[in-house]
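What follows is calculated from the coordinates using simple rules that are stated; it is not laboratory data. All values derive from a computational prediction rather than experimental measurement. Cβ: placed from backbone, ideal geometry, glycine included. Neighbour counts: every protein chain shown.
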Amino acid sequence: MSRWLFCLVLLSVGSWSGGLLVEPVSAADRPNVVIVITDDQGYGDCGFTGNTVVQTPNIDALAAESSTLTDYHVAPTCSPTRSAFMTGHWTNRTGVWHTISGRSMLRDNEVTFGEIFRDAGYQTGMFGKWHLGDNYPYRAEDNGFTEVYRHGGGGVGQTPDFWDNAYFDGSYFHNGEAVKAQGFCTDVFFEQGNRFIRDCVEADEPFLAYIATNAPHGPLHAPQKYIDLYPEMSDNVATFLGMITNIDENVGRTRELLRELGVHDNTIFLFTTDNGTAGGASVYNAGMRGRKGSPYEGGHRVPFVMHYPEGGFATARSNDTLCHAVDVVPTLLELCDVDAPEQIKFDGTSIVSLLKDEPESSFTQRMLITDSQRVIDPIKWRQSSVMQNKWRLINGTELYNIADDAGQENDVAGDHPEQVASMRAFYDAWWAELEPTFSQTTEMTVGHPDHPVVTFTAHDWIGQAPPWNQSAIRAAAAVFPKKAKQRLTHQGHWAIQVHEAGTFEIALRRWPEESGIPIGAAVPPGQDVPGSSRAYRTQAGRAIPVKSAEVRVDGKSIASTSVASDDLVVTMEIELAEGSHQLAPVFKLPNGEVGAYYCTLSRKSK
C-alpha cells in the first residue's frame, strides 16, 4: 500500500491521539461528563448537608435528584486531592503531597482521566484551577486535556499566575497563551467551560468538562451583591459564603445549558470539593472536628453528588459507606464504558453500586488512608487518618468511632487495642509500599525539542521557603530580615531534567517578564477588588539592591554577570549535561544573595 493511501485509510476510520488510533465516537454513544470541584468548601458549606445559612439552592436541587455520599473523603489540602481524584492513586504515590516547593507536580508516569477519556474519543476540557504543575510535562495540556483555560499555581494571584492578577478582570492561560478576561474569575471559568460544552454538542462530539474553581479559596473576594446576602456575618464569613453562592448560581447555569442543548439526561454531572472548609466552620461544620489541613474528619470529609438520568441516577439516594477520591476514576470509567490502559492498577475501586445504594459487602472491611504532609519529604504517620467503616485512627495513636462520637472527642484507643493494631498494620504495609517512591523528585524538563523554552518561578523552590503568592514576591521579605546585619543565603533550587545536553540561555528576572519592570525598580501598590481580603497586588513592591547574578548547578557556580538597576533581565549562556540537575540562579546583594524569583531557560539552536 502506498504511503498516501495508508494515510487516507487512517483518516477514514479514525484519528491519532496521544500516539493511539482513536475511533470516532458519536455524542450519543457514551455519556458526557461534567465535573465541578470547588476549592476549600467543606462538607458543611452546602444547604443540603444541613447548613441553614449558606444559600446554595442550585446545588441543593441537584442533590435532591441525585446520588450523594455522606462518608466520602479526600486529602486535607488541594493539590494532593486533585492528584488522587485525577489518577485513582494515593496522593503520596503520585508525588503530590504538598501545594508548593516542587511537591505539587503530578509525576509524569501518572495517567489522568483526561488522557484516558481523550484516548477513548472524548473532547476533554479543563477550566480554572489545575495546581498539579505549571511547567512541561506537568501542565493540564500535557496530561490529556484538549482544551485548557486556567490560572497559574494554586490560585489567582499566586506566584506562577499572570502578573498582578486578582479575582476580577484577570489574564489566564488559554492552551498555553495568556489571554485577557472580563469579570469575576468563577464566572469566567464557568463561561469557558460552558462554551466548550456548547462547541462539543454542536460538533456531535462526546465531552468531559472539568470545571475546577479557585473559589472559595482565599484571598476572599466576590462581587459585592453576593457578599451583601450575608449581612449578619463577619466580613470574612460573608465573603466566603458569597463566593459559594456565586458558584451555586454558575452550577445552575451550566445545568440549564445542558437542558437547552438536549444533553442533560445523557450527562454525568458530578459536584464535589477538594478539602475541608477553610472559612465556614464557625457557621456549620456538620458536627465534625477539624477543618482544612486537619487529619480529623472536618479536614477531609467532603460532599459528593452525582446525577445521570439515563444511567438511573436521577432520584434522591444517599449512601454512608466509606469511600475516597481514588474511587472516582474507576467509577467514571465503568459508567462511561471506557477501558483503562492495561498497565494501570488503581488504588481505588468503582463505587457504582454505592451510588445506586445497593448493599455491597466487599466495602465493609475496607481501609483507606488520608494524610496532610505539607513537607519536602513525607514523614510516617504525619497528620494521618486511617479509616475503616466508622473507625478513625489519627496519627497512629488516637482512635475514634464516629458512629458514636462524630466530633472525635473521646479517644478509645485503650479500649480497642486489636482495632488499633489492625489499622496500624495496614498503614505500615501501605507506607512500606510507597516509601521507595518518595525519592523520585518531580523534575521540570528542559531542552525538549517540543518545549524549547521553560519558565520557572519561586513557587517551586525546593529547600528554601518559597514566596508562593505575588504579595510575597512584592514584599521580598527574605531580603529584609528582622536582624538588619543578617547575612542572606539562598538554599533553594529547581529540580530539572535536561532532555539532551547542550548550550542554554538562562534569563534571570526580579519581576515576571509580562510586568516589564526593571530588576532594580520598586512597584507601587495595585488596585484592590471587592471582598474582605486585600488583593495580593495591593502590597507595595520593594526594590532590592541587586549588584550581580550567578548561576549554580548542582551546587557549583558555572556563570556570573553584573546587573544594572535598569536591566529588565540578565542573561547568560550555560552548558548543561543530560540528566538530573539542581538549578539555582541567584541575585547577589550587599548583604548576601536571594534566589531569582523568575527564570527562563531556552535551548540554543544547534
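First obtain the Kirkwood hydrodynamic radius of the chain from its Cα pairs, then insert it into the Stokes-Einstein equation at 4 °C and 1.567 mPa s, and state the resulting D in µm² per second as a whole number. Approximately 51 µm²/s, per Stokes-Einstein. Remark on Gln123: its backbone amide H falls under 5 Å from those of Phe207, Leu208, a criterion applied only to residues 5 or more positions apart or on other chains, H modelled at 1.01 Å from N. DSSP beta bridges fully contained in the chain are about 70 percent antiparallel. In segment 448-527, the alpha-carbon atoms span a convex hull of 152 Å³ per residue.
Dividing the convex hull volume of the alpha carbon atoms of segment 303-423 by its residue count gives 153 Å³ per residue.
The local environment of Ser515, defined by Cβ-Cβ distances under 9 Å, has a net charge of -2 under the rule Lys, Arg +1 and Asp, Glu -1.
Using every alpha carbon pair in segment 370-437, what percent of pairs falls into each 10 Å bin from 0 up to the bin containing the largest distance? Percent of Cα pairs in each bin: 21, 51, 23, 5. Against the empirical 2.2 N^0.38 Å (N residues), segment 444-603 has a Cα radius of gyration ratio of 1.06. For segment 127-286, the equivalent ellipsoid derived from the Cα gyration tensor has semi-axes of 26, 21, 14 Å, listed largest first. Note that segment 267-278 has calculated 3J(HN,Hα) couplings of 10, 7, 10, 10, 10, 7, 9, 9, 5, x, 4, 9 Hz, one per residue in order, obtained from phi through the Karplus relation 6.51 cos²θ - 1.76 cosθ + 1.60 (θ = phi - 60°); glycine and proline are x. Charged neighbours of Ala564, selected by a Cβ distance under 15 Å, balance to +2 (K, R count +1; D, E count -1). Estimated from the Cβ-Cβ distance and a Förster radius of 56 angstrom, the FRET efficiency linking Ser548 and Asp339 is about 0.50.
Listed cross-link partners Lys556/Lys588; Lys129/Lys345; Lys485/Lys588; Lys485/Lys547; Lys129/Lys380 are compared with a 20 Å cut-off, the Cα-Cα value being larger for Lys129/Lys345; Lys129/Lys380. Along segment 376-382 the Karplus relation, 6.51 cos²θ - 1.76 cosθ + 1.60 evaluated at θ = phi - 60°, assigns HN-Hα couplings of 5, 10, x, 10, 4, 6, 5 Hz to successive residues, with x for each Gly and Pro. Once R0 is set to 22 Å, what does the formula 1/(1 + (r/R0)^6) return for the Cβ-Cβ distance between Thr503 and Glu177, expressed as a FRET efficiency to the nearest 0.05? So the FRET efficiency works out to roughly 0.20.
Here the spin labels are modelled as points 7 Å beyond Cα on the Cα-Cβ line, and at Phe426 and Ser560 they lie 5.7 nm apart.
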